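A short worksheet on the structure shown next.
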Amino acid sequence: MPEYVPGAQLASGSREAELVQRTVNAWYEAHADEWGVIYQSTSIAGHIRQRRLARVLGWVDGLCLPAGSWALDLGAGGGTLALALAERGLHVVAVDPVPAMLHVTREKAAAVGLVLGDGHALGLASGCYDLALSLGVIPLLHTPTRALSELRRVLRPGGWLVVSGQNRLSLRDLLDPRFNPFVRTPRRALRRWLELGGIMARDDGIRLFDPTLREFERLLVECGLAVVCDWSIGFGSLTLLGRPILPEAAMVALDNCVQAVADCGAPVLAHAGTEYLVLAVKSA
Ligand SMILES: C[S@@+](CC[C@H](N)C(=O)[O-])C[C@H]1O[C@@H](n2cnc3c(N)ncnc32)[C@H](O)[C@@H]1O
């Protein structure tokens, strides 16, 4: 994996862009089965996804889209969201660059249309969708603004976007020196030095694009979308040096408590979840 700045604008078709996407695809190809069942898991990861899904579906229901409206799920993964949308009478198209993921979606939701594709360049007609959703995908992308522009392009004027992002200033990351964003640069420099010296193995992992909620919302506006509302989510998965500090059940209980406080608008906490959701609309 080449050195790159997550969220940088890499030239489309460039070697760097291709390598980053290939790394992401290989990871999801190898983990497709897990994504088919993650929403049923009682782990903290499953718990947060269930909570996120419930909020997304609450927003979708609130839009009162007529049956037969068109919805696009970008990076559909295991197809749980696509299935729930199809059950609401929407025509759903699920896009994913990983064949194994589309296979899991096909098994779950036969009525969902499948497209093998990449969010950076959607081969779909412009202005056709009433609703576009993308959960857990933008943070993986080498050029997120291109995908956000693509999502806007395929929406009809007045169409809705529900999108999630990864928060650099989350409680979890601030409390763990391994993830703390304020020591990211020296931490990476040290790691690189240790790698060059052969003391640590090369890190070929996926680096996430993790703007704060406000930075992310500015990007949406720059892409021609108007923010309607947002929500910060995910407080319980606390780690020390990347390792969980509590048993799963305790993390779920902690998550419930802190999320409840954050939802009351507690200063700082209200924006300190590991992720956020944004509902936006395509401005004319
Ligand atoms: C974290 S999973 C999220 C799955 C699903 N949206 C969910 O929330 O359960 C990320 C998904 O994005 C897909 N993905 C990765 N790169 C993508 C890209 N460039 N365009 C569209 N989807 C992509 C992956 O294959 C994977 O299915």
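Values in this text are rule-based calculations from the coordinates and carry no lab data. Note that this is a predicted model, so its numbers are computed, not measured. Note: ideal-geometry Cβ built from the backbone for every residue, glycine included; neighbour counts use all protein chains shown.
Hey, what number do you get for the chain at 222 nm if only DSSP H runs of n ≥ 4 count, each worth -39500 (n - 2.57), divided across all residues, to the nearest 500?
Counting only the DSSP helices, I get -12500 deg cm²/dmol.
Please give the charge dipole size of the stretch 15-282, origin at the Cα centre, charges +1 on K and R Cβ atoms and -1 on D and E Cβ atoms. Round to the nearest 20 debye.
Numbers: 27 positive and 27 negative charges, 109 e Å.
Roughly 520 debye for the stretch 15-282.
Using modelled backbone amide H atoms (1.01 Å from N, in-plane), which distant-in-sequence or interchain residues come within less than 5 Å of residue 72's amide H?
Here the answer is 93, 131, 132, 133, since their amide H atoms fall under 5 Å of that of residue 72.
Mind listing the phi-derived Karplus ³J(HN,Hα) values for the stretch 113-127, rounded to whole Hz, using 6.51, -1.76 and 1.60 with θ = phi - 60°, and x for any glycine or proline?
These are the phi-based 3J(HN,Hα) values: x, 10, 10, 7, x, 10, x, 6, 8, 6, x, 10, 5, 7, x Hz.
For the stretch 67-223, what is the relative contact order in percent, using Cα pairs closer than 8 Å and at least 6 residues apart in sequence?
Computed value for the stretch 67-223: 20 percent relative contact order.
Give me the one-decimal Kirkwood hydrodynamic radius in Å for the chain, with the sum taken over alpha-carbon pairs.
Computed over the chain, the radius equals 19.6 Å.
What relative contact order, as a whole-number percentage, does the chain give when Cα pairs under 8 Å and 6 or more residues apart are counted?
20
Give the residue from 260, 148, 199 lying farthest towards the positive end of the charge dipole for the stretch 15-282; charges sit on Cβ (+1 for Lys and Arg, -1 for Asp and Glu) and the dipole is referred to the Cα centre.
Among 260, 148, 199, the one farthest towards the positive end of the dipole of the stretch 15-282 is 199.
Could you tell me which trypsin sites (Lys or Arg not before Pro) in the stretch 75-183 are loop residues by DSSP with no more than 15 other beta carbons within 10 angstrom of their beta carbon? Don't skip to the end; give the middle numbers.
Working: sites: 88, 106, 108, 146, 152, 153, 168, 172, 178; in loops: 88, 168, 178.
Answer in residue order: 88, 178.
At what distance in angstrom do the alpha carbon centres of the stretch 94-154 and the stretch 260-284 lie from each other?
Value for the Cα centre distance between the two parts: 23 Å.
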